[in-house]
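The values are calculated or read from the model by the stated rules, or taken from the named source; none is laboratory data. Note that the coordinates shown come from a computational prediction; the quantities given were computed from them, not determined experimentally. Positions of Cβ are generated from backbone atoms using ideal geometry, with glycine treated the same way; all protein chains shown enter the neighbour counts. When the accessible area is computed, the model is the full protein with side chains, heavy atoms only, and any ligands, DNA or RNA have been set aside. Shrake-Rupley method; radii C 1.70, N 1.55, O 1.52, S 1.80 Å.
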Amino acid sequence: MSYSFNRVILVGRLTRDPEVRMTTSGDKVANFTIAVDRPNWNSDFNGQKTDFIRIVVFGKRAEFAENYLKKGVLILVEGSLRINTWRDQNNNYKERAEVSASAIQFMESKASRDAYITDNFENNSNIEVIEPTIDEVSDDLDDFSNDNFPQFFPIDDVNPDDDTPPNF
């Protein structure tokens, strides 16, 4: 028996207002990016790094994103990870990870959201969010050697019918 589980839960702030478009069938699709902080683990704990994670929503959730989500709002996103692949104009292979959201929740009250947006964005129009390039992000992958990578439970390849995880 084969098991598979793909679930992502993230909490972060929108880096800009959602971008909404229509599919050929007339359904709405919204894309936005959230900034999610994570610890910067190297030889010693050295603060935090921020990951910029692309989110996509369809249908009613896209309408919700269009009407209520704004740059700076703190939200919780629940969904599944997707890896999109394509070839660019020069026939180079490209891929991008994104979360296909099945649920979105506000993580602050409306008053807190409005105050955060006013204080951080409306009064400071010169602030620009700069998202990292793929080269800058790929440098983070070097932080993991085989010794530092988290160890998971072993799978017995002799008997693939019994690949259930142990109880912890």
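Annotations for the structure displayed:
- Filtered residues of the stretch 78-97 (kept if at pLDDT 95 or above and either crowded, with 16+ Cβ neighbours inside 10 Å or not in a strand (DSSP E or B) (or both)): Gly79
- The number of residues in the stretch 22-38 that are surrounded by 10 or more Cβ atoms within 10 Å (Cβ to Cβ) and farther than 25 Å from Thr50 by Cα comes to 5.
- When Ile75, Ile104, Ile55, Ile9 are screened for being open to solvent by 70 Å² or more (accessible area, probe 1.4 Å) and either in a strand (DSSP E or B) or at pLDDT below 90 (or both), only Ile9 passes.
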